[in-house]
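For reference, the structure is listed below as structure tokens.
The values are calculated or read from the model by the stated rules, or taken from the named source; none is laboratory data. Quantities reported herein were computed from a predicted structural model and do not represent experimental measurements. We place every Cβ from the backbone using ideal geometry, glycine too, and count neighbours over all the protein chains shown.
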Amino acid sequence: MQIATWNVNSLKVRLPQVLEWLAAHPEITVLALQETKMEDAVFPKAEIEAAGFHVAFAGQKTYNGVALIARAPIEQVQLNLPNFDDPQKRLIAGTVAGVRVVGAYMPNGQSLDSEKYPYKLSWLDALLAWLEPEIAAHPKLALVGDYNIAPEDRDVHDPKAWEGQVLVSPPERERFQKLLALGLKDSFRLFEQAEKTFSWWDYRAAGFRRNAGLRIDHVLLTAPLVDVCTACVVDREPRKAERPSDHAPVVATLAL
DNA sequence: ATGGCTTCTCGTAGAAGA
């Protein structure tokens, strides 16, 4: 099976690309989406189900919004962090083919002096607190999504220009390390990877053409899934499309 | 050059993204 994550930056705009990409990748068992940017009432549930998928979602108007699309039933669906009172729709968990998949759109933070920055750190702290017992209850767990954190300098096209900025600041990176300390591993780093592999490129200033990007979308796995993980890749193809999302999907392959 | 581009909205300019 494959587990994938993709920040689509509006599912309204990107639904055709999502369905086309899934059709081209039949090994993908479950795809987590972020930034669907739509209320549940207008979510294209019928279209996705008509294409043969199961779907679960939690959305709001304009911002945020997460979903799981799967080729197998999605069980024990949970929306939002139960320990963090928040109107922003940023987390969805479901069990697919025996794997607990947690899809997250982690806060951006905007800048270190924004009120959104402490919100980001608090959200990450709540995620950490919630995850520990969640992992104990579900040993086969994948935490996937747009983390809005580039874990190391090699995940940044120009570390000097980004030094100390939001997405790379030490408090954010510390929280990423705390996720690893829960027993999760960054599946991308289990394998040899090309240098300067990123998952997001700014729309502006020809970011994609210059490969001026960041690796901020991740698939983290617990040990039982690390043991069967055979690959993790960023698929740059959708980023080359007409009207692409600014993020590329990340796909982990599990021998399950 | 602190912008660039893309998306959204009780919209047609401003906020937000990262």
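Scanning segment A:158-192 for residues that are within 16 Å of DNA strand B (Cβ to nearest atom) and either acidic (Asp, Glu) or assigned to a loop (DSSP other than H, G, I, E, B) (or both) gives A:158, A:163, A:164, A:165, A:166, A:167, A:168, A:169, A:172. Residues that are of a type in the set (A, V, I, L, M), away from DNA strand B (no atom under 16 Å from the Cβ) and closer than 24 Å to residue A:141 by Cβ within segment A:1-47 comprise A:1, A:3, A:4, A:22, A:28, A:30, A:31, listed in sequence order.
Tell me whether segment A:174-191 contains one or more residues that are exposed (fewer than 14 other Cβ atoms within 10 Å of the Cβ), more than 24 Å from residue A:65 (Cα to Cα), modelled with pLDDT of 95 or more and in contact with a Cys (Cβ under 8 Å, 6 or more places away or on another chain). Yes, segment A:174-191 has at least one match. Checked against (1) near DNA strand B (Cβ under 10 Å from one of its atoms); (2) surrounded by 22 or more Cβ atoms within 10 Å (Cβ to Cβ); (3) over 22 Å from residue A:68 (Cβ atoms), residue A:155 passes all but condition (1).
Hey, does segment A:230-253 have a residue that's surrounded by fewer than 22 Cβ atoms within 10 Å (Cβ to Cβ), of a type in the set (Ser, Thr, Tyr) and under 22 Å from residue A:93 (Cβ atoms)? Among the residues of segment A:230-253, at least one is surrounded by fewer than 22 Cβ atoms within 10 Å (Cβ to Cβ), of a type in the set (Ser, Thr, Tyr) and under 22 Å from residue A:93 (Cβ atoms), which makes the answer yes. Take the conditions away from DNA strand B (no atom under 16 Å from the Cβ), within 27 Å of residue A:36 (Cα to Cα) and at pLDDT 95 or above and apply them to residue A:202. Does it pass? No; evaluated as a whole, the condition is false for this residue. Residues that are away from DNA strand B (no atom under 13 Å from the Cβ) and touching a residue at least 24 places away in the same chain (Cβ under 8 Å) within segment A:107-129 comprise A:121, A:122, A:124, A:125, A:126, A:127, A:128, A:129, listed in sequence order.
Taking the conditions exactly as written (in contact (Cβ under 8 Å) with a residue 60 or more places away in the chain and of a type outside the set (Phe, Trp, Tyr)), does residue A:170 satisfy them or not? It is false that residue A:170 is in contact (Cβ under 8 Å) with a residue 60 or more places away in the chain and of a type outside the set (Phe, Trp, Tyr). Quickly run through segment A:205-226 and pick out the residues that are over 20 Å from residue A:160 (Cα atoms) and crowded, with 18+ Cβ neighbours inside 10 Å. Of everything in segment A:205-226, those that are over 20 Å from residue A:160 (Cα atoms) and crowded, with 18+ Cβ neighbours inside 10 Å turn out to be A:217, A:218, A:219, A:220, A:221, A:222, A:225. Counting only strands (runs of 3 or more DSSP E) that sit wholly inside segment A:80-147, those with at least 3 residues that are closer than 15 Å to residue A:179 by Cβ and at pLDDT 95 or above are A:99-105, A:141-146. Is there a residue in segment A:50-63 that is touching a Leu at 6+ places or on another chain (Cβ under 6 Å) and surrounded by fewer than 20 Cβ atoms within 10 Å (Cβ to Cβ)? Checked against the condition, which is being touching a Leu at 6+ places or on another chain (Cβ under 6 Å) and surrounded by fewer than 20 Cβ atoms within 10 Å (Cβ to Cβ), segment A:50-63 yields at least one hit. The single condition from (1) over 20 Å from residue A:95 (Cα atoms); (2) touching a residue at least 40 places away in the same chain (Cβ under 8 Å); (3) basic (Lys, Arg) that residue A:140 fails is (1).
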